[in-house]
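In what follows, a structure is listed as structure tokens, so that the remarks can point back to it.
Laboratory data are not the source of any read-out in this text; all were calculated from the coordinates shown. For clarity, every value in this text was computed on a predicted model and none was experimentally measured. So basically every Cβ, Gly included, is an ideal-geometry build from the backbone, and we count neighbours across all protein chains shown.
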Amino acid sequence: MIKNKILEKSIWALWLGLLALPFMGKKAGILAIAILLVILLLPLLNGLIARFGISVSRLNFLSSSANWLKTNKKMALLILFSFAAILPLFMNRYFVDVAVLCGIYIVLALGLNVIVGLTGLLALGYIAFYAVGAYCYALLWTHYHINFWLALPIGTALAGVFGVLLGSPVLRLRGDYLAIVTLGFGEITRIVLNNWDELTRGPNGILGIARPSIGDFIIKQPIHYYYLILAFVVLTIFITTRLEHSRIGRAWVAIREDEVAAAACGVNVTLMKLLAFATGAAFAGLGGVFFAGKMIFVSPESFTFMESVMVLCMVVLGGMGSIPGVILGAIALIILPEALRQFQFYRLLMFGGAMALMMIIRPQGLIPSQRRKMELEEENG
Amino acid sequence: MFLQQLINGLTVGSVYALIAIGYTMVYGILEFINFAHGEIYMLGAYLGIIAIGLLTAMGLGNSSAFLLLAFAFIFAMVFCAFYGVTIERLAYRPLRRAPRLAPLLSALGVSIFLQNFVMVTQGTRNKVFPQLFAQNGFDLGNAKITYIQIMILVTSILLMVGLTLFVNKTKMGKAMRATSQDQKMAYLVGIDVNRVISVTFLIGSALGAAAGVMVALYYGLVNFHIGYTAGLKAFTAAVLGGIGNIPGAMLGGIILGLVESLGAGYLSSEYKDAYAFIILVLLLIFRPQGILGERLKERS
């Protein structure tokens, strides 16, 4: 029995090595051996860890800490917030910069979480809304000298309007069709930004955007940006949490679970879906305006499909529909590649693999959402 | 000008059609968009180059161009067929009963993985496909059709005829049609559904690989990210014809190729890549069942 299993695994490793052969040459042999070792040792490792009460495939301590957060919510939030507030005082500029990046992506991922995680609409062109926000501020500044604080609500609202415009025709479509159409919209946005030279200066991008300022105080140090984005992150967390537990949030979840049943219970499905799109898009717009104010330069290169995928990965890896999960996902996916600089080349390779693997092993994400968890267990059991 | 754009459009369109068949076949049976299919096409293009490189290294580089090309085709198609089946087995089969988002995200992951696998192993620079045939061809008034274009058209037509025969005349084809109509019922009457699905991936991937080799031959250059755009366009073609419908995918591919080439010629070539997406968006809004398709079932 065990011998058969080892044989089967060896055949698998050999087969994968064979597939890699034309691309890797002799190294494919090493790959095959590596795969074999991994799949042979994985059950052993898993058993070993299971003995100590933690299983690799079920990181229970994460969900139990999430539970602790649930019961001592205010306390935990206070600790986390003060930690985040004093953190940059102990870090050098580089780390603060990375933290600012984390902040931007947390806002983006939480926005996408409203669309994908709560409402269950798979949107793949999400980064287009981010581009709308960024370009909105860039153009308003270069043409009309409208400052950051005024551009902030305009960019946010404009992205929200784009969300509705994009959403209204496509919301009749379900699942994978919606995914493809939003992907198409994202691509169209990028192609337009790239080719509409008179307005966007094409691939050269727009230079010389003003940094945000409060009175005479110009925000230019990474640490200043850190506190600004921290405020945005707190705002985003506050709004999305409140929304999730509101009537609207419950309607979203109901649509995700069963659209027909939700409609039958009196949920205005189209309106709610549009609202989800607008909300998610608005957060992306907010992030976009901030991004333009931080980089003081925007170009279509920042808004590729891979960026959409990155944000989606954060939501999926963290746990769809779970706010702490999504935040963790965003932080992990920004910090890990920074920490593993020498593996930069392999970064996306690992992402892709991890995404597929995650779907098979732990579809609920690192910190599963409580509601979602119930639903998944019911479906599997 | 018109004739020339027509010829170019037909050539590109037949390539799209071949890739679109892979999407449509998988969708017809599993009702799921195989995002990784575009990467199979990209792998096919690379494998074609690798195959010819292999022959050259073995000292057979001077044999007839047709032989070299035939070997490239077979090599790429066989390997890609294996890739397709393996991907299905590892990344999609465990998720067949999972919520609908799961296989889609898994496919997206596989697609990113394959793209970067090729980038890491083959480098980021363009690969050059050796020039096997002279660039000349027949003059047709003020237009010209090259030998390569003729070959692409002939090969695609042969492959599509072969596929149609296979689906309509063989026992396996019958099993495939049955499975796409009702998977559970097919299983109950004794059809090995898993095998049918494997064969579907096998054939779809082999056709995608053939398309890859042809494009590599046509443009002479390949890169690790060609699969993404081509995959999307082919998917558009599949939807255009009515997804799940094999003749529809062929028709959709040809139409898309023509629109792109005529649009680039007469409207603006800068927005060439946007045409496909605009068609896709309009189509899904106004006629989601496509040209030849039936009314789509709403499935959650």
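For the reader, a short list of remarks on this structure follows.
- Ranking of A:CYS265, B:CYS80 by count of other Cβ atoms within 10 Å, fewest first: A:CYS265, B:CYS80
- Taken about its Cα centre, the protein assembly as shown carries a charge dipole of roughly 1500 debye when the Cβ of each Lys and Arg holds +1 and the Cβ of each Asp and Glu holds -1.
- Estimated FRET transfer efficiency when R0 is 56 angstrom, pair B:GLN181-A:TYR94 (beta carbons, to 0.05): 0.40
- Range of Cα positions in region B:225-279 per principal axis (Å), largest first: 32, 25, 15
- Angle between chain B longest axis and helix B:101-122 axis [Cα atoms, degrees, rounded to 10]: 30
- The ranking of A:HIS143, B:HIS225 from fewest to most other beta carbons within 10 Å of each one's beta carbon is A:HIS143, B:HIS225.
- Rg to Rh, two decimals, where chain B supplies the alpha carbon set and Rh follows Kirkwood: 0.97
- Chain A - mean residue ellipticity at 222 nm from DSSP helices (-39,500 (n - 2.57) per run, n ≥ 4, rounded to 500): -25000 deg cm²/dmol
- Long-range tail of P(r) for region A:260-325 (Cα pairs > 19 Å, %): 54
- Pairwise label distance in nanometres, A:TYR346 with B:ASP192, each label 7 Å out on the Cα-Cβ vector: 3.7
- Alpha carbon centroid spacing (whole Å) that separates region B:119-193 from region A:203-234: 53
- Calculated over the protein assembly as shown, the projected area of the Cα convex hull averaged across directions stands at 33.3 nm².
- Cβ-Cβ distance of A:ALA261 and A:ILE239, R₀ of 22 Å, FRET efficiency by 1/(1 + (r/R0)^6): the value works out to about 0.20.
- Ordering A:GLY287, A:ILE79, A:THR304 by the projection of their Cα atoms onto the charge dipole of region A:76-371, which places +1 on the Cβ of Lys and Arg and -1 on the Cβ of Asp and Glu, puts A:ILE79 at the extreme positive end.
- Using the Cβ-Cβ distance between B:THR229 and A:ALA85 with R0 set to 51 Å, the FRET efficiency works out to roughly 0.70.
- The coefficient of translational diffusion for region A:85-167, derived via Stokes-Einstein from the alpha carbon Kirkwood radius under 20 °C and 1.002 mPa s, stands at 147 µm²/s.
- Other protein chain C-beta atoms within 10 Å of residue C-beta, averaged over A:345-355: 6.
- Subset of A:LYS27/B:LYS127; B:LYS144/B:LYS272; A:LYS5/A:LYS26; A:LYS3/A:LYS26; A:LYS9/B:LYS127 violating a 30 Å alpha-carbon distance limit: A:LYS9/B:LYS127
- Charge dipole of the protein assembly as shown about the Cα centre (unit charges at C-beta), most positive-ward option of B:THR124, A:LEU348, B:ILE152: A:LEU348
- Exercise: per-residue mean of other protein chain Cβ atoms within 10 Å, B:48-58: 1
- Here chain A is treated with +1 on each Lys and Arg Cβ and -1 on each Asp and Glu Cβ, and its dipole about the Cα centre works out to around 920 debye.
- Coordinate range of the alpha-carbon atoms in region A:221-341 per principal axis, descending: 52, 27, 27 Å.
- Mean separation of Cα contacts under 8 Å, 6 or more apart, over the residue count of chain A: relative contact order %: 26
- Inter-label distance, A:LYS220 to B:TYR266: 5.5 nm, where each label sits 7 Å from its Cα along the C-beta direction.
- For region B:55-155, applying the loop criterion from DSSP together with a ceiling of 11 other beta carbons within 10 Å to the trypsin sites (Lys or Arg not before Pro) yields B:ARG97, B:ARG125.
- Tail fraction, Cα-Cα pairs, chain A, threshold 35 Å, whole percent: 32
- Translational D in µm²/s for region A:152-240 (Stokes-Einstein at 20 °C, 1.002 mPa s, Kirkwood Rh from C-alpha pairs): 130
- Computed over region A:191-335: relative contact order in percent, which uses C-alpha pairs under 8 Å that are six or more apart: 26
- Taking every residue in A:179-191 and counting other chain Cβ atoms within 10 Å of its Cβ, the average works out to 6.
- Helix B:2-30 axis, angle to chain B major axis (alpha carbon atoms, nearest 10°): 30
- Cα→Cβ-extended label distance, 7 Å offset, between B:LEU165 and A:HIS145, nm: 7.6
- Estimated translational D of region B:66-218 in µm²/s (Stokes, Kirkwood radius over Cα pairs; 25 °C; 0.890 mPa s): 135
- Relative exposure of B:PHE2, B:PHE35, B:PHE129, A:PHE283, judged by other C-beta atoms within 10 Å (fewest first): B:PHE2, B:PHE129, B:PHE35, A:PHE283
- Given in Å, the Rg to one decimal and the Dmax to the nearest whole number for the Cα atoms of region B:140-214 are 17.1, 60.
- Axial C-alpha extent at least 18 Å, average Kyte-Doolittle at least 0.5 - helices from chain A (DSSP): A:2-24, A:27-51, A:73-86, A:93-112, A:127-144, A:148-170, A:175-195, A:222-244, A:269-295, A:305-318, A:323-339, A:347-361
- Contact order normalised by residue count of chain B, Cα under 8 Å, 6+ apart, percent: 37
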